[in-house]
Structure formats: structure tokens, C-alpha cells
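Have a look at the structure below before the remarks.
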Amino acid sequence: MESKLAVEYPNNLVEIRQSSIEGGGSGIFVNLEKLRQLPPSKTYSLIVVKRSSTISLEECQKVLQSLEETSKASELLCHCLDFIHQHLADQLTETLIVFYYVIGYHCIIELGLDVPQISKFKPYLQVLLKTEVNSIQKDSLEELNAIEPYMSKDFLFQVNLEALKNDYATYERFIKSVEIFGITRDNLTVEQFLQLKAAVKSRTLEIPGKILDDDQFSISITIVPILDYINHSNCVTNSFFDVNKENDIVLKFEYSPEAFDGQSSQELFISYLPLEDVGKLFFNSGFIPTDDGYKVIQLPINEIDHQLLIENELPTSYIFFLQIKDNEIVEVTFPFDHMMKEVTNSDLASYHAIVVQDCTKSLERLPSNFKGNISTYISFIRQVLEFVSRQKPETFSQFTGPRDESLTEELCSLIWPPTDI
């Protein structure tokens, strides 16, 4: 039985060091000088992680099934699953189940139980507990409650604030429930509970799983040690995940001699989201994407004008396209024309005038002295509002970015949620 994580590095081409992007933490780099000595290829396999060394619903179930039913480790993991069923059934997601398996693994390791298929994750879990995650789960409730009046209509903020409050209450219920196993607040502090929650939320990847037929795979929410060091960039995406014949996860690098001419090394990047949603990336992964390219940000509508209906529906938020160049916002567009939605009872110029007025009012209400990780998000919102408030309504609708049908559909799904207004 494996006593350590099974990770292979074909040709030893990679190393982990400080990322080249600001706030990126650690990153994975490929040694291009070594790579050029290999037979020419368009793609190179750099890291292979055995499926049994990952944490996913399927792999955790295998671990549980391998334990004796009467063992303390088995009873503790079953207790974690029962806890979800009893207290969190209305919040059930694959990520939530994986999180409680991680909590169960942590508790088993803390108790010193002899379970090699779990204890092999000890060094990795220690890394997760020490790695800073810039999410609001690391902010104090006092600070967030002070901000709440100014973010009362920000859906993502409200959802995440409510989730954080629930996490504190859930921790209290959980820690009391595992006292029968000998787990105390010393074994699992509330800070560790929240840290692991943030780590799981930010590090899970959608990885191909079981082969359904010759052409399709299932997709599973998976934590892949080592590979979760790879950072996001839609601007310089050069890597992707694949699955080999043994169903192990492979990190592959797309190499072009022309693209990397003269370089001795290159940081590896994947794409977390094809359409970079600023709010989702911040609240899920703890960072604001500021590399060159187009982003989208969703801001609540504060001054709703009931005269302005879009296909007879009242939108609850503004969606802005942002173009960023050299870490600066150079264009902000309100893309109704891009989404080809009919605006009734008003022409676009008038509607954009209201948008500018609304953003100006929002900017006036938004203080600038916030603390904690949430300040990064609010600071970015200020930049967007400041840019929009300076725009002339008659030119505000001119969108110069890419026009893509799938992008249009995704934008529409964001801006027209069900509403009772």
C-alpha cells in the first residue's frame, strides 16, 4: 500500500518556485534548455500524478471502502458524511463532500491512526494549512460586517459572507460532534477549518475521470497535489491536463520553438475560466485577473428604472466588459448591443446615461478604507466605477473586443437571472 504520494516527473523538466505573476504564490516552471534536448514534439508530458494520490469523491470512496467497517478511521469518515447529511443536505455539492473528506483525513492524521492510504497526504495537508489563500474566509467577520451595508446588493459578496457566517456555526457543531473520537479544538482549530475550506475551494480542478465510452470522459472535482501549483492565465495559457491509459492525471506542455525562442525556462499556465469573471475568480480562487485581455465583472443595479426592460425582463445587475493592458483598465463596455438583446422603452444612449449615473452614485457611497482580502476586490470595483463614471454615454456602447456566440450566451446567463421584481 502506498505510503507516499505517487508523482512522476518524466525527464525531470520542472521545478516549483515563486510565480512570475504578482500575487501568484508558487508556480511550476519548465526547463526549456533540457526540453530542447529531447526529440521534437508539439506537446510534452511534464508531471504524472497517480489517480490514487489525488483527492476526489471517487478516490475517497475507495479509501473508505478499503477500511475495516469497525475501525476508528472508517467510523470517523462515515461520521463526516453523516454530518453533511444531517446539517448540510441543502448545500450538497461534490466540492463540499470532498472538503469533509479532507477534514476527516486531517482528523485521522491528528489522531495518529495507522492508515497509510490517508497518512501519505500528511505533508500535502500541512502545505495547505500553511499556504496563504487571499479569500474572504481569512477576513474577520467584524471587518466584513462593516462593509456589508455598502455591498448589500452585491450577490457574490452576500453569498460568500453568508457562507462564512455559516462556516463558523458549522465548525462549532462539527467540533462538538467529533469529541467522541478524541478530536478537540487543539486538533482542529476554527482557523484550520476555514483554511482547509478556502484551500479546497481554490484548488479543486475539473479533471477527466472514468472513461464513459471511446470518446468521452466523466468530469470529477479533484484536488491534485503538485499540479495545483499551476497558475491561471488566459493571456499565456500553455498547458493542459490529460489522462493516460492508466487513468492517471498528466500535465502537458504545448511547446513552440518560435514562441519560446531564447528562453531558458517558462512558467506553466492553464485556464481556470475561458471567460474571466472577476468576481468568481476572486471569491473562488482569491485573486483578481489583471493580465492583458478581456474580463467581465458583474455589478448590482442600485438605481433600478422600472421603465427599462430588456426583452420584458428587468435585469438585476450590470455586466461590464473590461479590457486590461499593462495592468490598467483601458476600456469598459456595457455590452447590450454585443448580446443582441432588445432594449425597450429607451434607446441605448439613454440607458447608458443611467448606467454612468448609477456608477457615479455607487462610487460616491463606497468608502476607500477597507481592510482584509476583500479590500482587493473593492479596490478593483472602485477602478471600474471610476472609469465608467468618466465615460460619455453616446460612446459607451462601442465594443471593440471579440464577438463570439458562446461568449454571448454565457453573458446572457449571467445578466438575466430569475427575478420577482
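Readers should treat all values here as calculations from the given coordinates under stated rules, not as data from a laboratory. Computed from a prediction, not measured in an experiment: that's the story for all the values here. Quick reminder, even Gly has a Cβ in these numbers, built from the backbone with ideal geometry, and neighbours come from all protein chains shown.
Taking 17 Å as the straight-line reach from the Cα of LYS201, the lysines in range (excluding those fewer than 8 positions away in the same chain) are LYS130, LYS138, LYS165, LYS280. Simple spin-label estimate for GLU94 and GLU33 gives 4.2 nm between the two label positions (7 Å along the Cα-to-Cβ direction from each Cα).
Between GLU8 and ILE84, the modelled labels are 3.1 nm apart [label points 7 Å from Cα along Cα→Cβ].
Any idea what % of Cα-Cα pairs in region 55-203 are farther than 26 Å? Every Cα pair in region 55-203 considered, those over 26 Å come to 26 percent. Here's the list of lysines a cross-link from LYS361 could span, going by alpha-carbon distance under 20 Å and ignoring same-chain residues fewer than 8 apart: LYS153, LYS392.
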